[in-house]
Amino acid sequence: MMKKNINNMQTQLKRVIIFSVVIFTVFSCVPTRQFTDIQEKNRKLLAENDLLKSENQGFSVKNKELTSELKSLEGEIKEIEKKHREKTEECDMLLKDYNRANRQYIDLRKAQEELIKGNDKETRRLLKQLQVTQESLQEKEDELRELEVSLSSKKQNLEELLFELDQRNARLIELEKILRKKDSVVLALKDNVSSALMGFKNDGLTVSLKNGKVYVSLEEKLLFGTGSTTVSSSGVDALEKLGLVLEQNTDINIMIEGHTDDVPYKLDSGPIKDNWDLSVKRATAVVRILLDNSSINPKRLIASGRGESMPVDPAKTTEARRKNRRTEIILTPKLDELFRILENN
């Protein structure tokens, strides 16, 4: 089902790209800004396509590992079943030998009774032969008992292995179900967040998927003035809309990360000491607005500062530094059920 969804999305992306090329060809006189917007949308769609391919490869590798483990267990079961059949055949052979020896014993007893009054020498010979037959019969009985015990043990091992295989299959099915549910929740959350913040996308706001998480990135110009930790009115508006979406998705953890460029913060008599301090205080300011304007449980929120340590563009240009001055809100689904299954394994 996951592969089918990814293929559908890839097909839709291809259609959008073809449609964009046609629009460009027909309306080549469209203003440069509109053409740039179209190119940006195409770039984002291609990026999402690459991301979906990467996630699909990860799930394929996990599926291959689980399938390989399943095949290994099935091979062990077949080997045990083969040994069980061999022991059963051996048991049947011993049983036939036992029955044959038992018939010989009965025949000898009859012969003994007929010859009891006959030659004493012949009688002793028959008695000795009877004794040997009895001893042989006893040995066959002992071997038969040992084989029955061995077969019983093998059967118990086989049943335990089959039970363990059934449990692993059940856990595998449950794990796949949780993964599909998590992917569905993340995709729905991304769509809801994108819809709620649609009006801010031209103001330095982007919504994307990465490593199974939703990233809401807000550039500095949308939230803060230069060197400031006070959120602007437009930034408050965007955060209020985002908070309404997040308070309805209670199974999502929220991390707010502040980021700066590599230009050293100008020290003065104020409370901010450097870029690290600035990034942390900005993240905290965003947290307070989310809490003040929604019913989000504070336990779901984490505020952190990254300073200049994680740039999206390492170039030393004005445009690169503008991109790096941002606040990222990272939305992660809770995976308590998944961790429980993995711990049980």
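Readers should treat all values here as calculations from the given coordinates under stated rules, not as data from a laboratory. Everything quoted here is computed from the prediction, not taken from an experiment. Backbone-built Cβ (ideal geometry, glycine too); neighbour counts: all protein chains shown.
Once you sort the root eigenvalues of the Cα gyration tensor of the stretch 59-111 as a ≥ b ≥ c, which label holds: rounded (a/c under 1.5), prolate (a/b larger than b/c) or oblate (the other case)?
prolate
Work out the FRET efficiency for Asn253 and Gln138 from their Cβ-Cβ distance, taking R0 = 51 Å, and round it to the nearest 0.05. Can you show the working numbers first?
On the way: r = 73 Å, r/R0 = 1.44.
It comes out at approximately 0.10.
So between Glu86 and Ser208, what do we pick up on full extension, going 0.36 nm a residue minus the alpha carbon distance?
My answer for the length gained is 37.9 nm.
Considering the convex hull of the alpha carbon atoms of the stretch 197-345, report its projected area averaged over all viewing directions, in nm², one decimal.
Mean projected area of the Cα convex hull: 10.2 nm².
Around Val186, under 14 Å between beta carbons, what's the net of Lys plus Arg minus Asp minus Glu among the other residues?
+2
Please give the Cα centre distance for the stretch 165-238 versus the stretch 78-154, rounded to the nearest Å.
Centre-to-centre (Cα) distance: 78 Å.
Got the relative contact order for the stretch 71-182 handy, in percent, Cα pairs under 8 Å and 6 or more residues apart?
Across the stretch 71-182, relative contact order equals 41 percent.
For Asp50, what is the net charge nearby, where nearby means another residue's Cβ is under 13 Å from its Cβ and Lys, Arg count +1, Asp, Glu -1?
+2
May I ask you to derive the relative contact order of the stretch 197-345, considering only C-alpha pairs under 8 Å and at least 6 residues apart, and to give it as an integer percent?
31 percent.
With r as the distance between the Cβ atoms of Val236 and Leu70 and R0 = 35 Å, compute the FRET efficiency 1/(1 + (r/R0)^6) and round to 0.05.
Once rounded, the FRET efficiency stands at 0.05.
Between Lys334 and Asn157, what is the label-to-label distance in nm when each label sits 7 Å out along the Cα-to-Cβ direction?
Between Lys334 and Asn157, the label points sit 4.5 nm apart.
List the lysines whose alpha-carbon lies under 25 Å from that of Lys177, not counting same-chain residues fewer than 8 positions away?
Counting by Cα, and skipping residues close in sequence, Lys177 has these lysines nearby: Lys3, Lys4, Lys53, Lys62, Lys64, Lys71, Lys190, Lys210, Lys213, Lys334.
Applying a 10 Å radius around every beta-carbon, put 152-158, 236-242 in order of their mean neighbour count, most first.
Order by mean packing, descending: 236-242, 152-158.
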